[in-house]
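Enquirer: The structure follows.
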Amino acid sequence: LGDPVEKVRNALVPHLEELEDERVAVVADIDVDGLASAAILGHVLQGLDLDFVLYFSPPANFTEVVSGIAPECDVLIAADLGSTARDAVQDARSEGCRVFIVDHHQVLEDVRPDVFVHDTRLCAAELCYWATLDLHERDLKLLAAYAAFTDYAEEHSRVLDEVLRRYDRRKVYTEASLLDYALVKMDGDDRRELALKLPETAVPELDEVYELAREAMLEEHEVLQRAREVAKCLEEVVAYAIMDDIHPAMTGRVASHVAGVMGTPVGVCVRRGKVSARVVDGEGINVAKAIRRAAEKVGGKGGGHAPAAGGVVPESRVDEFLRLLAGEIKRQIEGRTSDE
Ligand SMILES: [Mn+2]
């Protein structure tokens, strides 16, 4: 595989340098990784004096967002998104739009963008960072490091290593976490404004980040408290909380919290039929696989990573789904594979 940094170093530079007079749209995910990706790409596009707009989309809405943007631009750059969006990429290209993807998600289908900067070992913002390095007019390492931390992509991160040699980790992790919380309370315009400010403004200088982060943290505090009250256990392996009224960004946090509190290896949060699951303690458990199997049996679907996954199931069959899921997890723990 080789060194991921060497693999992507300046990979975008020649492609961006030839974009004279073209309209560029950047579409990034709504988390810190997407925000930092957009901030880095925006800085570079600004430096090249290009005409560009930043957009943000959760992965689930990517196809829809792209279909709205593609007719208005010549080049679309997807950051922290795109690896699993074959149809969206094809549609954009058939509109005459060139598509660049910078992403770290596992490629499950044959996406064919015009430019593909991809490695699963680094977060998307770090890929953006290295792929545009020679075009930086400022040091953007700290931005990429925030994303490596909040995206749990620390293991192979070179920017985080370098940043932690320069700064105390409490500074780096606090600033990253403040951004992470503040984003929960932001809309597309807020994110765009923040992404454009970030390359030139330090997080401690951004009052709005503190205010919004505090709101989100208070909400989390209240949601986790309620989650503990409604949490239930299945087969001693899955703890779950059904919470239809919470913010979508809270579901993963609830899932790991109820597992930790109830002492089960897996935690689940269900919000209006949308499922988030986390493995908190259980080597060898593949919750993505378990969710997929259980969801398919009730007419839903699911997937993700082995320790963190999600899915959608019909709301009327949530209880049945949870029982099936607990059965799948139990079988995995006991080392049996279910017959199918
Ligand atoms: Mn990411």
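Enquirer: Against the condition surrounded by fewer than 16 Cβ atoms within 10 Å (Cβ to Cβ) and part of a loop (DSSP other than H, G, I, E, B), how does residue 281 come out, does it pass?
Expert: On the way: surrounded by fewer than 16 Cβ atoms within 10 Å (Cβ to Cβ): yes; part of a loop (DSSP other than H, G, I, E, B): yes.
Considered against the rule, which asks whether it is surrounded by fewer than 16 Cβ atoms within 10 Å (Cβ to Cβ) and part of a loop (DSSP other than H, G, I, E, B), residue 281 comes out as yes.
Enquirer: Now a separate question. Confirm whether residue 327 is assigned to a loop (DSSP other than H, G, I, E, B) and modelled with pLDDT of 95 or more. Give the steps one after another, and end with the answer.
Expert: Values: assigned to a loop (DSSP other than H, G, I, E, B): no; modelled with pLDDT of 95 or more: yes.
So residue 327 fails the test.
Enquirer: Right, residue 24: touching a Leu at 6+ places or on another chain (Cβ under 7 Å), farther than 21 Å from residue 179 by Cα and either surrounded by 15 or more Cβ atoms within 10 Å (Cβ to Cβ) or without any contact (Cβ under 8 Å) to a residue 60 or more places away in the chain (or both) or not?
Expert: yes
Enquirer: Which of the following residues is at pLDDT 95 or above, under 18 Å from residue 154 (Cα atoms), more than 16 Å from the ligand (Cβ to nearest atom) and assigned to a helix (DSSP H, G or I): 44, 5? Walk me through how you get there before you give the answer.
Expert: On the way: 44 fails: under 18 Å from residue 154 (Cα atoms).
That would be 5, the only listed residue that is at pLDDT 95 or above, under 18 Å from residue 154 (Cα atoms), more than 16 Å from the ligand (Cβ to nearest atom) and assigned to a helix (DSSP H, G or I).
Enquirer: Condition first: more than 14 Å from residue 133 (Cβ to Cβ) and more than 15 Å from the ligand (Cβ to nearest atom). Now tell me which residues in the stretch 16-41 satisfy that.
Expert: 18, 19, 20, 21, 22, 23, 24, 25, listed by residue number.
The values are calculated or read from the model by the stated rules, or taken from the named source; none is laboratory data. Because the structure is predicted, anything quoted here is derived from the model rather than measured. When we count neighbours, we look across all protein chains shown, and the Cβ atoms used for this are built from the backbone with ideal geometry, even at glycine.
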